Amino acid sequence: MKVETITPQHLSQFSTRDRDYLLHPEKLQGFIQYPFSYEAFAEIIKDRAAVSYDRSLLQQVIKDQYSQVSISESTNHHIEALSNSDSYTVITAHQPSLLTGPLYYVFKILSAINLAARLNKDFPDKKIIPVFVIGGEDHDFEEINHLHLYGKKITWEKKALGSVGHLDTEGLASVLDEVQNILGDRSQALDLLQSLKEDASNSATYGEFSFKLTHRLFDELGLVILRMGDPRLKAAFAPLMAKELTQRASLKLVNTTQEAIKEKLGYDPQAFVREINLFHNEKSTGRNRIVYEGGRYTVLDTDLSFTEAEILDLLNEHPERFSPNVVMRPIFEDSILPNLAYIGGGGELAYWAERKSQFEYFGVPFPMLVRRQSGMILTPAMDKQRSKLGLSLVDIFQNENELTNLLLSSTSEPDYTLTTYKLEMEELYKKVESHINSIDPSLKKTAAAEATKGAKSLDYLESKLKKSLKQKEEVNLNRMTKLKSTLFPKGLQERHDNILQYISAYGIDIIKDLLPHCDPFDKTFKIFMPQ
């Protein structure tokens, strides 16, 4: 696989905050625990050695979750290592998007695997394990029920109540059939799709199916997947959930940090913080927010209401009925896992950077925040089209209007712009104005108005020339528009296209081919070019 790189400065598609974190992470000093620097891992490992974790519980939960699937030697080695006091994790997480959803689902996992491998090489006396925390409790069904293949949207039509991870798998077979029809009979993903159909029929819940899907794609690379909804992990987290229920400090802590970030850096708040950042989660009533009103704890849109003593008793007896929202989820993950780093996208890291004081309050170590690899898959056909149009790899990141001007300026036709003549006219009118002013100053404004009319006339003629040239170059402009929409479907490709589109064309080994190039400390945007 050929790979080209683009520096973040050329990516208008990245937010200012995202570019700042990649290029100038020192701006966030005071809001993050460790700099975004590979050299900081020696300090983090030393800090984590002083923290106690229930590694045997973590290992047992993961072994139970893997009990119904076959495991590669690499993954099994990582699971066995979890009980050792010198083992640590680097984690990434994502909601269980339909058939992995956008490409960045894959890029963030490969970033974690790549980073763990590098750390294992540089710290041979430690064991660093890549962990993917698969969500499913605090996400809306509409966020995960679709994917895009070749510009077509495929939606899982289903009535959904409660946590998406607890949904049954009814309707997934139809989704997989639709995917197969789009990919065609020559697709290299047919065997994978057949396996996924079997997984769907043999999975009790959608969360279980998503686990099996991700396992199929990344097992040979040693990825350990964790489903945090296990009641035993909830029980371990219960004391911190009780603290959130009774003291309700997250709201003030995170809001204060958000205000400080806004004042210092001008960044807007990322996460909406509530007084209580926990859900009550039960199959019969769904997933509903817990609010504190009139000295009682009420579950919205239900008849459930508790005194403080009652809700704490319920938490102790049924911790699985409580789940953290986006504000408390990072606390949950890093209270359970002996974690060194969280790998995420720009949006994720933005809300993580609001949490340092909250982590301190709950007594949970704050990890290094690592910006995942970003990239684009450029097929040979698309690259050939780009080359024919005379566009560089940097050029294709410009907006369509800029690309149109670029193409028109590079044709064999005479330059349609009248810039030279505009400058000449401007100079001429200045001389005319000066001459008129020397005779009758009262005509100065009239002369200026005539100069403006002349400039507008040239602008009008230029627009007519541009329109004429666009008609002559219609074929190339249409090709450019099609290429642009293919590479940037409503934004960056990684936020839209699904990996099955590329497995279909190049086989499942494309994931292995991507892995060496997904180094999150190489702070460039990668253009992956399969051969």
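The values are calculated or read from the model by the stated rules, or taken from the named source; none is laboratory data. Keep in mind it's a predicted model, so treat the numbers as computed, not measured. Because the Cβ atoms are built from the backbone with ideal geometry, glycine has one as well, and the counts that use them run over all protein chains shown.
Scan segment 1-38 for residues that are within 23 Å of Gln398 (Cα to Cα), among the basic types (Lys, Arg) and either assigned to a helix (DSSP H, G or I) or touching an Asp or Glu at 6+ places or on another chain (Cβ under 8 Å) (or both) and the total you get is 2. Among the residues of segment 1-31, the ones that are more than 16 Å from the chain's Cα centre (by Cα), over 30 Å from Ala505 (Cα atoms) and aliphatic (A, V, I, L, M) come to 2 in all. Across segment 338-352, a minimum of one residue is classified as at pLDDT 95 or above, crowded, with 17+ Cβ neighbours inside 10 Å, of a type in the set (Val, Ile, Thr) and closer than 19 Å to Tyr21 by Cα. In segment 165-187 there is no residue matching the filter, namely being in contact with a strand residue (DSSP E or B) (Cβ under 7 Å, 6 or more places away or on another chain), at pLDDT below 95 and either part of a strand (DSSP E or B) or surrounded by fewer than 16 Cβ atoms within 10 Å (Cβ to Cβ) (or both). Of all residues in segment 511-529, those that are over 18 Å from His10 (Cβ atoms) have Cβ atoms under 7 Å from Cβ atoms of residues that are of a type in the set (A, V, I, L, M) and assigned to a loop (DSSP other than H, G, I, E, B), 6 or more apart or on another chain, in Asp513/Met1.
Within segment 79-97, if we keep just the residues that are touching a strand residue (DSSP E or B) at 6+ places or on another chain (Cβ under 6 Å) and buried (at least 23 other Cβ atoms within 10 Å of the Cβ), the residue that is farthest from Leu223 (Cα to Cα) turns out to be Pro96.
For (1) surrounded by fewer than 19 Cβ atoms within 10 Å (Cβ to Cβ); (2) closer than 24 Å to His166 by Cα, each residue gets a yes or a no:
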| residue | (1), (2) |
| --- | --- |
| Leu213 | no, yes |
| Arg216 | yes, yes |
| Lys243 | yes, no |
| Asn255 | yes, no |
| Glu263 | yes, no |
| Glu275 | yes, no |
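Can you say whether Ser87 is in contact (Cβ under 8 Å) with a residue 40 or more places away in the chain, of a type in the set (S, T, N, Q), more than 21 Å from Leu233 (Cβ to Cβ) and in contact with a His (Cβ under 9 Å, 6 or more places away or on another chain), as far as the supplied structure shows? Spelling it out, it is not the case that Ser87 is in contact (Cβ under 8 Å) with a residue 40 or more places away in the chain, of a type in the set (S, T, N, Q), more than 21 Å from Leu233 (Cβ to Cβ) and in contact with a His (Cβ under 9 Å, 6 or more places away or on another chain). Picking from residues in segment 244-302 that are without any contact (Cβ under 8 Å) to a residue 24 or more places away in the chain and at positive phi, the one that is nearest to the chain's Cα centre (by Cα) is Gly266. Within segment 106-122, at least one residue is within 22 Å of Gly507 (Cα to Cα), touching a residue at least 40 places away in the same chain (Cβ under 8 Å) and of a type in the set (S, T, N, Q).
Filter segment 272-296 for residues that are of a type in the set (Phe, Trp, Tyr) and either in contact with a Ser or Thr (Cβ under 7 Å, 6 or more places away or on another chain) or in the same structural domain as Val164 (by TED's automatic domain parsing) (or both) and give the result.
Selection gives Phe279 alone.
For segment 334-365, enumerate the residues that are more than 18 Å from the chain's Cα centre (by Cα), within 22 Å of Val224 (Cβ to Cβ) and outside any strand (DSSP E or B). Asp334, Ser335, Ile336, Leu337, Pro338, Val364, Pro365, listed by residue number.
Flag: Lys63 does not match the condition of being basic (Lys, Arg) and touching a residue at least 40 places away in the same chain (Cβ under 8 Å).
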